[in-house]
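Working notes, beginning with the structure itself.
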Amino acid sequence: MSQNSRLSPFFVGILLLTLPLAFGDWLREVDLSLFSALNPMLGWSTNLTKALAWMNSSYGDILADGLMIASLFLAPGLFRDKCRWLLFALVLMLVVQILFNHAVFHYLLRLEHPSPTYFLTPVVDLAKFWPLPGNKSLSLFSFPADHATTLLLSYLIVARVGGSRFIAASVALFFMLPRLFAGAHGITDILFGSVGVTLIFAPLTNYLPKYEKTYLKSGA
């Protein structure tokens, strides 16, 4: 693989992150329209609302992290190798969240991007419905979406080393949904923000062994 092809996700990520600066008003309408459609669904079923509120909390984060780690350890290879991959993933998450998402967007650029709940009153406020730790429905700095960034990076790493893509993809999808229903994030915070950040750091996963090489090395 050429150096240019390895870095192409980086440049696509930069492009995605800059699009909201040029089309911010239009993208805001997309966020509000989707939130207006999703949030009233929470009033259809108390059980659905409870499930999404729990998934939107710190308890849901712990479950999502555990499932991602399990999907990573389902990859072929030696246990010590998987421990190194996990350490790599943890360090990468910390660098992305603290030094990039927060330091760059929140403190350096001071890029205020209020969540949809700043503009529309939710029909059902998940944070008030079940005030669990970490259950949020409001954010002044919702771009990029930290939660979705972590899930997408986790999937990328799991897929790279040959872990369970099905588990990782399912976790990423289902645990991103509660933030959208709650209005803590808009869809563009994920599609342009989280996906953009994930693509910027995607070239770093090239330091991990690719699935085919790991599989052949294991003698299977």
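Before moving on, here are some points about what is shown:
- Residue ID - surrounded by the most Cβ atoms within 10 Å (Cβ to Cβ), chosen from residues in the stretch 181-198 that are among the aliphatic types (A, V, I, L, M) and over 12 Å from the mean Cα position of the chain (by Cα): Ala182
- Residues (touching a helix residue (DSSP H, G or I) at 6+ places or on another chain (Cβ under 7 Å) and assigned to a helix (DSSP H, G or I)) located in the stretch 90-126: Leu92, Met93, Val96, Gln97, Phe100, Asn101, Pro116, Leu126
- Scanning the stretch 130-180 for residues that are of a type outside the set (A, V, I, L, M, F, W, C), assigned to a helix (DSSP H, G or I) and either farther than 23 Å from Val95 by Cα or in contact with a Phe, Trp or Tyr (Cβ under 8 Å, 6 or more places away or on another chain) (or both) yields His147, Arg160, Arg165, Ser170, Pro178.
- Of all residues in the stretch 85-107 being out of contact with any Ser or Thr (no Cβ under 9 Å at 6 or more places or on another chain) and closer than 12 Å to Ile157 by Cβ, the one that is surrounded by the most Cβ atoms within 10 Å (Cβ to Cβ): Trp85
- Count of the stretch 162-186 residues, restricted to those that are over 14 Å from His113 (Cβ atoms) and touching a Ser or Thr at 6+ places or on another chain (Cβ under 6 Å), is 6.
- Filter pass, Gly163 being surrounded by 22 or more Cβ atoms within 10 Å (Cβ to Cβ) and at pLDDT below 95: yes
- Any hit, the stretch 188-195, residues being in contact with an Asp or Glu (Cβ under 7 Å, 6 or more places away or on another chain) and at pLDDT 90 or above: yes
The values are calculated or read from the model by the stated rules, or taken from the named source; none is laboratory data. Quick caveat, the model's predicted, so the values are computed rather than measured. In this analysis, Cβ positions are derived from the backbone assuming ideal geometry, glycine residues included, and neighbour counts consider all displayed protein chains.
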